[in-house]
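Beneath this line is the structure, given in structure tokens, with notes to follow.
The values are calculated or read from the model by the stated rules, or taken from the named source; none is laboratory data. None of the values given here were measured: they were computed from a predicted structure. Here the Cβ positions follow ideal geometry from the backbone for every residue, glycine too, while neighbour counts run over all protein chains shown. Heads up: the accessible areas ignore ligands, DNA and RNA and are worked out on the full protein's heavy atoms, side chains in. Shrake-Rupley method; radii C 1.70, N 1.55, O 1.52, S 1.80 Å.
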Amino acid sequence: MILLTGATGYIGSHTWLELLGDRYAVLGLDNYSNSSPVVLDRLQALARQPLSFVRADVRDPLALKDIFARHPIRGVIHFAALKAVGESMQKPLQYYENNVTGLIHLTQAMAQAGCRHLVFSSSATVYGDPKSVPIAEDARLAPTSPYGQTKLMSEQILRDLERADPSWKMAYLRYFNPIGAHPSGLIGEDPLGLPNNLVPFLAKVAVGAIPVLKLYGNDWPTPDGTGVRDYLHVMDLARAHSKAIHYLFQKGQSMTVNLGTGRGYSVLEVIRAYEKASGRPIPYEIVGRRTGDIATCFADPSLAKSILGWSTQFGLDEMCAHSWNWQKNNPHGYA
Ligand SMILES: NC(=O)c1ccc[n+]([C@@H]2O[C@H](COP(=O)([O-])OP(=O)(O)OC[C@H]3O[C@@H](n4cnc5c(N)ncnc54)[C@H](O)[C@@H]3O)[C@@H](O)[C@H]2O)c1
């Protein structure tokens, strides 16, 4: 059985389905701090079976101890974390407390239960402002936000744990920019409040919930002056998790890999693709740069391909079409 923390969140929910498709038994865990119980209903409808779920917090050692005592958990995929870069600048302690303390309690419970296979959600934010692109895994690590620091610290904690006890096997997955939704339109990204990321923001503008998109700077050193990012489909990302846990079980070797397409798109290119997908104009206004933002960021994903045999299958048009399909069918998200 695989324990999925943050299971009802955006990436966790898509990964849950992928794992079931690969015939893994899954136990989902979430405290619903950034997701809704409705996700579980949708997942059960899509999976056509009841799913095992526990509402718990990864910072609760007693709850974790109980979960590991009751279930034969062989590996953990750890998504549960706070993830908004901007918010982490306002509330750094909340981010360190949730993301780092949560990881420590989780790994302590795993160690006590003799479970030592862990897939960890890291992020391209560990690279900060890269010296060059594409970014390979051995690039300098210099996060520019408390959120990015929590991911780097978590990686360091896990690497120390591996050094102390080599029976631990870890997959450090550094995601670039996941977007899109399950093609059914039943599950997708549902940010609370004002979205932090471009595509959920675009989706809200296209559906009429927000009047205008804020474009943070058009004077970046990029071909059209707007920021360039590596967007990958959440379904491709979900598939990488199933491959990663399989690899840990089969090969018994740790890995650190980037998960991205290897190609960057500018904000203006994404706006045009979203207009095409939705058939609606997206009004935008140029505002100042955000603190902590960078010009260009895209992955060298070749290591994931050689280790996991993984590469992305969906292009930008499909990502935007699936995002729009989710948004137009669920204009108020899971509410
Ligand atoms: N979405 C991205 O752009 C992105 C990029 C890189 C890395 N990541 C990482 O991937 C992981 C999943 O991201 P997501 O986009 O699905 O985020 P999300 O917020 O949709 O999902 C995270 C889930 O974890 C839960 N959670 C948070 N703290 C918890 C706690 N203490 N105990 C139990 N549950 C808790 C939330 O309720 C939520 O359902 C996170 O670790 C995030 O940092 C995300």
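General observations
- Here the contact order of the stretch 15-118, divided by its residue count and restricted to Cα pairs under 8 Å and six or more residues apart, works out to 28 percent.
- Normalised by the number of residues in the stretch 256-335, the mean separation of alpha-carbon contacts (under 8 Å, six or more apart) gives a relative contact order of 46 percent.
- Beta bridges per DSSP, both residues in the chain: antiparallel share near 5 percent.
- Considered as an equivalent ellipsoid built on the Cα gyration tensor, the chain has semi-axes of 31, 23, 18 Å, the largest given first.
- Taken about its Cα centre, the stretch 63-113 carries a charge dipole of about 160 debye when Lys and Arg each add +1 at the Cβ and Asp and Glu each add -1 at the Cβ.
- The stretch 214-280-the stretch 117-142 distance, computed between alpha-carbon centres (Å): 13
- Once both labels are positioned 7 Å from their Cα atoms along Cα-to-Cβ, the gap between residue 66 and residue 253 label points is 4.1 nm.
- For the chain, the longest principal axis of the C-alpha atoms and the axis of helix 267-278 are separated by about 90°.
- Full-stretch length increase - residue 162, residue 141 - with 0.36 nm per residue and alpha-carbon distance subtracted: 5.6 nm
- Net charge, residue 246 excluded, C-beta distance under 13 Å - Lys, Arg +1, Asp, Glu -1: +4
- Shape call, the stretch 54-112: gyration tensor on alpha carbons, a/c limit 1.5: prolate
- Rg ratio (alpha-carbon, reference 2.2 N^0.38 Å) - the stretch 89-223: 1.28
- Structure remark: mean-square fluctuation, Gaussian network model of the chain, C-alpha springs under 10 Å; the largest value among 148, 264, 288 belongs to 288.
- Computed from Cα positions, the angle between helix 316-329 and the longest principal axis of the chain comes to roughly 80 degrees.
- In the context of the full protein assembly, residue 97 retains an accessible surface of approximately 80 Å², using a probe radius of 1.4 Å and ignoring ligands and nucleic acids.
- As a size descriptor, the averaged projected area of the C-alpha convex hull of the stretch 10-98 was calculated at 6.4 nm².
- Whole-number accessible area per residue in Å² for the chain, which is evaluated in the context of all protein chains at 1.4 Å: 42
- For the chain, the relative contact order works out to 20 percent when only alpha carbon pairs closer than 8 Å and six or more residues apart are counted.
- Cα long-axis angle, helix 10-21 against the chain (0 to 90 degrees, to the nearest 10): 60
- Mean residue ellipticity, 222 nm, helices only, the chain: the sum of -39500 (n - 2.57) across DSSP H runs of n ≥ 4, divided by residue count and rounded to 500, is -12000 deg cm²/dmol.
- Exposed loop positions in the chain were taken to be trypsin sites (Lys or Arg not before Pro) whose DSSP state is not H, G, I, E or B and which have at most 10 other beta-carbon atoms within 10 angstrom. Between these positions, the longest stretch is 132-335.
- Amide H partners (placed H, <5 Å) of residue 75, local residues excluded: 3
- Evaluated with a Cβ-only charge set (Lys, Arg +1; Asp, Glu -1), the chain carries a dipole of roughly 440 debye about its Cα centre, given to the nearest 20.
- Volume of the Cα convex hull of the stretch 160-317, divided per residue and given in Å³: 148
- Dipole moment magnitude, nearest 20 debye, the stretch 250-291 about Cα centre, only Lys, Arg, Asp, Glu C-beta charged: 120
- Of the residues 103, 281, 166, the one whose Cα sits farthest toward the positive end of the charge dipole of the chain, with +1 on the Cβ of Lys and Arg and -1 on the Cβ of Asp and Glu, is 166.
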